[in-house]
């Protein structure tokens, strides 16, 4: 089994962190993983995307043209990457910033107001954790308890952010169940 996940959005939205957390959780549960980031020279505000490949076998190439899943945090990313998602995959759309759908009937489309939910949790900066956890809960690619531990490790040096991020995980799981 090999699954590819494309995370994409503006620089500063936590795209690379989300992908890294998914990759770490997959590694901790014994999967083979490739994490390939890409971002423009301006980083914050420019386009950022990252591919995570998760497999039970050695990964031949981490370069993927047709991912199985997409987490799109802005409209340019949805428009660029949604057509390439394999049928049967998941496309998570941040409806706080994207007013259209993917126009795909052959995927599981999750329309999630990620930024709005993050503001209710306490900080728009946890939007990426809400998107990640909603996607992870729906896709079942990683164990949610392992993902929680990876998030706690990521924010260990900023311990005051851990409770907010755990609430963000809970909200993501709640959204995925709908």
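Since every read-out is calculated from the coordinates, none of them should be taken as a lab result. Note that the structure is predicted; figures quoted are calculated from it, not measured. As a convention, Cβ positions derive from the backbone with ideal geometry for all residues, glycine included, and neighbour counts pool all protein chains shown.
Below is a table of values for the structure above.
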item	result
Bins of 10 Å, starting at 0 and running to the largest distance - Cα pair percent for the stretch 73-139	22, 53, 22, 2
The chain: proportion of alpha-carbon pairs further apart than 20 angstrom, %	47 percent
Inter-probe distance in nm under a simple model that places probes 7 Å from Cα toward Cβ, at residue 108 and residue 57	2.3 nm
Label-point separation, residue 162 to residue 75 (7 Å along Cα→Cβ), nm	4.0 nm
R0 of 35 Å, Cβ-Cβ distance residue 28-residue 124: FRET efficiency to nearest 0.05	0.80
Share antiparallel - DSSP beta bridges, the chain, percent rounded to 5	60 percent
Beta bridges per DSSP with both ends in the stretch 1-72, % antiparallel, nearest 5	80 percent
Ranked 90, 63, 54, criterion: other C-beta atoms within 10 Å, fewest first	63, 90, 54
Gain in span if fully extended, residue 177 to residue 100, counting 0.36 nm per residue against the direct Cα distance	25.5 nm
Potential lengthening between residue 86 and residue 39 on full extension [0.36 nm per residue; Cα-Cα distance subtracted]	14.6 nm
Residue-averaged 222 nm ellipticity for the chain, from DSSP H runs of 4+ at -39500 (n - 2.57), nearest 500	-11500 deg cm²/dmol
